[in-house]
1. So between residue 88 and residue 60, what do we pick up on full extension, going 0.36 nm a residue minus the alpha carbon distance?
2. How many angstrom separate the Cα center of the range 141-180 from the Cα center of the range 70-111?
3. Mind giving me the nanometre distance, one decimal, between the label points for residue 31 and residue 221, set 7 Å out from Cα along Cα→Cβ?
4. Taking the Cβ-Cβ separation of residue 68 and residue 171 as r and a Förster radius of 22 Å, what is the calculated FRET efficiency to the nearest 0.05?
5. Please report the base-10 log of the normalised intensity I(q)/I(0) for the range 80-164, using a Debye sum with one equal scatterer per alpha carbon and no solvent, at each q in 0.15, 0.25 (1/Å).
6. Can you tell me how much longer the chain between residue 102 and residue 161 gets when fully stretched, taken as 0.36 nm per residue apart minus their C-alpha distance, in nm with one decimal?
7. Which residues does a label at residue 135 reach in the range 88-115, if reach means a backbone N under 20 Å from a point 7 Å past the Cα toward the Cβ?
């Protein structure tokens, strides 16, 4: 009970700060007091909208994310993790397309098992990311995800295949001057140039709820784990990772 109370407190603390990708099952990768280290790839998609959306309307954001991840199991069944990697950025609309190459980004997360019965377990998670500025696309970009992950272990060939999933809520937001650039280009094409300006809009996600489903299984028993996951909001995102538990 003390572990659960402590874990809930940490969730509340994490949720008050802004710190993407794979959520994973609630059960930690490493044993209590141990670390794990891994690499992963995530393809992220979401629908975004500008406060001033008269010209651009709703846009589809796409990002390829490559990362390194480290986790630490600080209590039995509870872990914290961090990621560092590179993410590109592309925004598509009916009127314009904008893109930029990879920039650094970082992620912090926390998750664990709050309740377990035989092969079934369930617990909360919180995960947030901060992204490097993408010139001509977005800057000051961040996201925050909160959810519940449930898992079930299926004995398979002498090891356990973990199937997991659940619902989550998310916020994704950034700053952009795409609306002004679109006005500038349109007026210039008509022969009525506008002077440069620093006008910027908030750009944020169209929806705030989604679901996810994934599998995790050991390649080398209790040492090397492979995880694949898909997420569904109004768009589909997916990725995979490999982790080594020390």
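1. 8.7 nm
2. 11
3. Using points 7 Å along Cα→Cβ, the separation is 1.4 nm.
4. On the way: r = 25 Å, r/R0 = 1.13.
Efficiency, from the Cβ-Cβ distance: 0.30.
5. With one equal scatterer per Cα and no solvent, log10 I(q)/I(0) is -0.74, -1.13.
6. Full extension of this stretch gives 17.9 nm more.
7. Answer for this model: 88-92, 97-105.
Bear in mind these aren't lab numbers, they're just calculated from the coordinates by the rules spelled out. Here the structure is a predicted model, which is why all the values come from computation and not from measurement. Neighbour counts are summed over all protein chains in view; Cβ atoms, including those assigned to glycine, are modelled from backbone coordinates with ideal geometry.
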